1. Consider only pairs whose beta carbons are under 8 Å apart and that are at least six residues apart or on different chains; among these, list those whose first residue lies in region 123-151 and is closer than 29 Å to residue 67 by Cα and whose second residue is modelled with pLDDT under 95.
2. Scan 106, 127 and give me the residue that is touching a strand residue (DSSP E or B) at 6+ places or on another chain (Cβ under 7 Å) and in a strand (DSSP E or B).
3. If we keep just the residues of region 32-64 that are under 17 Å from residue 118 (Cα atoms) and surrounded by fewer than 24 Cβ atoms within 10 Å (Cβ to Cβ), which is nearest to the ligand (Cβ to nearest atom)?
Ligand code: ZN
């Protein structure tokens with residue numbers, strides 16, 4: 001079965017809808033999300049409601065926890081903190097409750113684990129370097145750990161105790177899992193890509209063929225930016241959507 005794997009939607013409804021539409025066209029109904037459905041963007045309620053409506057399985061991210069007041073915004077940079085405040089002032093009680101019920105890690109099936117940052121620190125670790133992957137590989141026995149948080153599409157493969165990293169896999173990059181390898185995989189971000197590519201990023205994972213494919217798709221970020229301007233978001237957060245950084 002094919003599964004859509006998404007991360008870091010960040011209240012960006014246009015990007016989220018574009019990705020969901022793309023998955024729908026392909027007949028993919030099962031979707032996993034790796035945390036941070038809110039923060040940074042202008043539509044927290046709509047994004048949480050879509051998560052629920054589409055029965056998307058999700059772990060919790062640092063922005064989700066900040067928006068519901070479970071972690072302090074003092075740990076965020078000023079731009080992120082301001083976006084958290086705007087999202088928190090708009091998010092309904094019902095949607096806050098949905099976020100408060102999301103777990104730190106999830107095992108949606110036998111050989112798979114999901115976390116936002118990493119297994120060592122699901123809330124805060126930006127898993128970008130081989131030495132970090134090495135420490136995290138000691139913490140799980142499943143074949144694949146999917147993470148988000150860094151917004152950087154990345155594959156780590158552990159093969160015969162060596163770790164290989166493939167950074168910035170391009171659109172349509174294809175991977176077939178090796179029989180004896182273990183993986184840590186980041187699909188990149190739907191709502192705020194940071195690899196100098198403004199297109200929404202996600203993965204399609206086939207849990208029978210044990211393959212995955214990276215996808216990048218365009219969405220109407222002008223519309224997202226317009227809403228952010230009206231709601232008083234920091235310029236830096238508005239502009240970064242056009243350059244994907
Ligand atoms: Zn994020």
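The values are calculated or read from the model by the stated rules, or taken from the named source; none is laboratory data. Everything numeric here is computed off the predicted structure, so don't read it as measured data. In this analysis, Cβ positions are derived from the backbone assuming ideal geometry, glycine residues included, and neighbour counts consider all displayed protein chains.
1. Pairs that qualify, where the first residue is closer than 29 Å to residue 67 by Cα and the partner is modelled with pLDDT under 95, are 124/75.
2. Values: 127 fails: in a strand (DSSP E or B).
That would be 106, the only listed residue that is touching a strand residue (DSSP E or B) at 6+ places or on another chain (Cβ under 7 Å) and in a strand (DSSP E or B).
3. 62
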